[in-house]
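Heads up: the structure comes next, in structure tokens.
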Amino acid sequence: MSNRGSVGPVSSQDLFEQARTSLAGGVSHQGRYAPPHPKYVSRAKGSRKWEIDGTEYIDYAMGSASLLLGHAHPEIVEAITRQAADGTFFADCHPLEVEWALLIQELIPSAERVRFVGSGTEATLLAIRIGRANSGRPKVLRFEGHYHGWHDYAALGMNAPYDTMPTLGMLPAAAEATVVVPPDAERVEHALAADRDIGTIICEVSGANYGCVPLPSGFLATLRNLADQFDATLIFDEVITGFRWSPGGLQARDGIFPDITTMAKIVTGGMPGGAVAGRESIMRLLDPAVETQGFKPGVVHKGTFNGNPLVAAAGVAALREVKTGKPNAAADKAALRLRDGMGKIMQEHQVDGAVYGESSTFHLYFGKGAHGKVEGLSAAEIRGVSSETVNAMRSGLRRRGVDLMSHMSGVTSAAHTDDDIDQTLDAFEATLRDMLEAGLVGRA
Ligand SMILES: Cc1ncc(COP(=O)(O)O)c(C=O)c1O
């Protein structure tokens, strides 16, 4: 059957069948594959999105956590529309990229200089190259289960088993240049002392997968000290936490500063792109007018769409809103109400598990010994919830019009209302009852 040029079907199931004949695997991101078929969304506004058959969802994926202001925020729509009429791309420098960088500098304390990139994956790719150039040492230390994008230099360690290459086609040398440890200060110190080739450290500062596996308390301050002690370049991956944990990210909230910060998602107002920022003395490596050890610039970095005006317009509009502090306060309040409500429902039904998360995020855990919190549980335990349980929670909520982001987790936005949260709590309670009946969650 040739479907070229026409998209006729009106159900997600039909459209997926058609998509499988044109898109590799039927999808554009393997995470969107959701058997028996993914949902096809045609419209979104505020906290809601609509599937092509009209089904409405309260959205807790929010553009993979990029839409702190909500879907189709009027200021962002207006900025993109205005810029589109003035030209979508010049392949030249332009005023908006300067305004955008100034806003980042203003908000992110360690951002002395900024370079725009094409995605979060590109941000960590560039940051790691800068880390190697700055330290003069080839190896990168990273943490079990932390996600930094899909390129080779961030691949080893993204999933368990952490010492095994997670994909075909990966360069073995990239795995050999990566040292994966659990987020444990003693293990980090030991690794840095044992292998003087390690010159760069990268960390998802929320803990793995936007805080699904939280970091031990005080860990980031210790990491900063260890990086200094061993003269390693410290990268904070703030792709999720940047502009979410606070308007200035985790670093502004906690007062712990990296050498380099990676950003994407909120920084672009939910458009494709990202940014790398850091100390001037390090970011100078990217300066085409500066020669370093015979290289000018020291670190090569290109990219056709870096700092694209359409994306810059959205980024500027988003960061101007973030600067007021209001979107963060609203999104945090919604998530707190949600976590509190879910916690009470779990207690009422004496369910063995926990709901937790920082800022505008929430994570669910079901299993023995949690007693309402995951501190004290191992990463393996937190990640050990059966796929049956996870799928039952995700599909139960989805049937009731609630869409999570990944696993049993999600994010709120400034657009989530008390009504959204109350409806979500009703859906959660009904789903939990079904799961108790089916024996998919246990009683405390
Ligand atoms: C912490 C973190 N770093 C990097 C990335 C990669 O970003 P992108 O998907 O834009 O390539 C992600 C994506 O979710 C992320 O969560």
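Just a few scattered comments:
- Considering only alpha-carbon pairs that sit under 8 angstrom and 6 or more positions apart, the relative contact order computed for the range 1-121 is 13 percent.
- The range 16-132: equivalent-ellipsoid semi-axes (sqrt of 5 x gyration tensor eigenvalues, Cα, Å): 32, 21, 16
- Potential extension, E99-D287 segment - 0.36 nm per residue separation minus Cα distance: 65.8 nm
- Qualifying chymotrypsin sites (Phe, Trp or Tyr not before Pro) in the range 65-128, where qualification requires a DSSP coil assignment and no more than 16 other C-beta atoms within 10 Å, comprise F89, F90.
- Cα pair distances of the range 74-323 binned at 5 Å [whole percent]: 1, 7, 14, 18, 19, 17, 12, 7, 4, 1, 0, 0
- Note on the chain: percent of Cα-Cα distances in each 10 Å bin, starting at 0 and stopping at the bin with the largest distance, equals 4, 20, 30, 28, 15, 4, 0.
- For the chain, a crude dipole built from +1 on the beta carbon of Lys and Arg and -1 on the beta carbon of Asp and Glu, taken about the Cα centre, is about 440 debye to the nearest 20.
- Mean separation of Cα contacts under 8 Å, 6 or more apart, over the residue count of the range 74-323: relative contact order %: 30
- Alpha-carbon centroid distance for the pair the range 299-325 / the range 337-385, whole angstrom: 36
- Diagonalising the gyration tensor over the Cα atoms of the range 118-267 and scaling each eigenvalue by 5 before taking the square root yields semi-axes of 21, 18, 15 Å, largest first.
- Helix-only [θ]222 nm of the chain, DSSP H runs n ≥ 4, -39500 (n - 2.57) each, per residue, nearest 500: -11500 deg cm²/dmol
- The Rg/Rh ratio of the range 324-444, with Rg taken over Cα atoms and Rh as the Kirkwood radius over Cα pairs, comes to 0.96.
- Rounded to 5, percent antiparallel among DSSP beta bridges of the range 233-289: 60
- Normalised contact order of the chain, rounded percent, pairs of Cα under 8 Å and 6 or more residues apart: 19
- Long-range tail of P(r) for the range 200-253 (Cα pairs > 14 Å, %): 54
- Net +/- balance of residues flanking A208 in space, Cβ distance below 9 Å, scoring K and R +1, D and E -1: -1
- Cα→Cβ-extended label distance, 7 Å offset, between T417 and A34, nm: 2.3
- Extension gain from S42 to N391, taking 0.36 nm per residue of separation minus the Cα-Cα distance: 123.2 nm
No value in this document is a laboratory result; all are computed from the given coordinates. Quick caveat, the model's predicted, so the values are computed rather than measured. Because the Cβ atoms are built from the backbone with ideal geometry, glycine has one as well, and the counts that use them run over all protein chains shown.
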